[in-house]
Amino acid sequence: MFKLSEIKELIKLVDQTSVQELEIEMEGTRVSIRKPGKEVAHYQQSIPQAYPTAPLHVQPMLHPTEQGSDLSSTGQSTSADLSSSLHKIVSPMVGTFYRSASPDDAPFVSSGDKVDLKSTVCIIEAMKLMNELEAEIKGQIVEVLVENGQLVEYGQPLFLVKTE
């Protein structure tokens, strides 16, 4: 199994060379790294997960017409009304998600907070570099989908935002 430090070193080596893609398999674990413009790094493991992660809260957002009936007329609340106006803020890289600049600071944003294009919503640490992530959209945070200190993947949803 690969150590996180080994994976970070591989990413750094690929980044500093003309190699566009690197794939290595060892003891049932495969690491695939591709430079931007192609698919992004994948980490696949056939043995139990080495790093604990909090389960993502996934709620299907179906439009009532896809069900063939109007669900709201039955008195049930659905997320279909919100689905058209919800935007996902996703991770631009593989790294560690932090809700604040330091453990003693308040989170950058929480559910219910308003954000604009330049609002910092979190930090993603990758290879010991702290990368501030901006909302890049105007709206209100509906839900934070990951836990502080959790490892995140490229393209993984981090926040749901109700757009204005």
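Things worth noting here:
- Every pair of residues 6+ apart whose Cβ atoms lie under 8 Å, when the first sits in segment 1-18 and is more than 17 Å from R30 (Cβ to Cβ) and of a type in the set (K, R) while the second is part of a loop (DSSP other than H, G, I, E, B) and at pLDDT 80 or above: K12/M127
- The residue that is farthest from M127 (Cα to Cα), counting only those in segment 20-53 that are modelled with pLDDT of 75 or more and assigned to a loop (DSSP other than H, G, I, E, B), is Q20.
- Apart from one condition, K128 fits all of (1) modelled with pLDDT of 95 or more; (2) closer than 25 Å to L4 by Cβ; the exception is (1).
- Checking L158 against (1) modelled with pLDDT of 95 or more; (2) surrounded by fewer than 18 Cβ atoms within 10 Å (Cβ to Cβ), the condition it does not meet: (2)
- Among residues of segment 126-139 that are basic (K, R), those with a beta-carbon under 9 Å from a residue that is surrounded by 15 or more Cβ atoms within 10 Å (Cβ to Cβ) at least six positions away or on a different chain give the pairs K128/K8; K138/V115; K138/S119; K138/V161.
- Filter pass, K118 being at pLDDT 75 or above, more than 18 Å from the chain's Cα centre (by Cα) and within 16 Å of I141 (Cβ to Cβ): yes
- Summed over segment 2-19, the residues that are part of a loop (DSSP other than H, G, I, E, B), out of contact with any strand residue (DSSP E or B) (no Cβ under 7 Å at 6 or more places or on another chain) and not aliphatic (A, V, I, L, M) give a count of 4.
- Looking across segment 110-134, the residues that are aliphatic (A, V, I, L, M) and either not in a strand (DSSP E or B) or not assigned by TED's automatic domain parsing to the domain that holds Q150 (or both) come down to L117, M127.
- Residues in segment 119-134 that are touching a Leu at 6+ places or on another chain (Cβ under 6 Å) and surrounded by fewer than 15 Cβ atoms within 10 Å (Cβ to Cβ): there are none.
- Look at (1) under 16 Å from G155 (Cα atoms); (2) at pLDDT 50 or above; (3) surrounded by 10 or more Cβ atoms within 10 Å (Cβ to Cβ) and you find that L56 fails only one, number (2).
- V142 vs. criteria farther than 30 Å from E9 by Cβ, surrounded by 15 or more Cβ atoms within 10 Å (Cβ to Cβ), in contact with a Gly (Cβ under 6 Å, 6 or more places away or on another chain) and in contact (Cβ under 8 Å) with a residue 60 or more places away in the chain: no
The values are calculated or read from the model by the stated rules, or taken from the named source; none is laboratory data. Predicted, not measured: the structure shown is a model, and the values here were computed from it. FYI the Cβ positions are ideal-geometry reconstructions off the backbone, even for glycines, and counts take in every protein chain you see.
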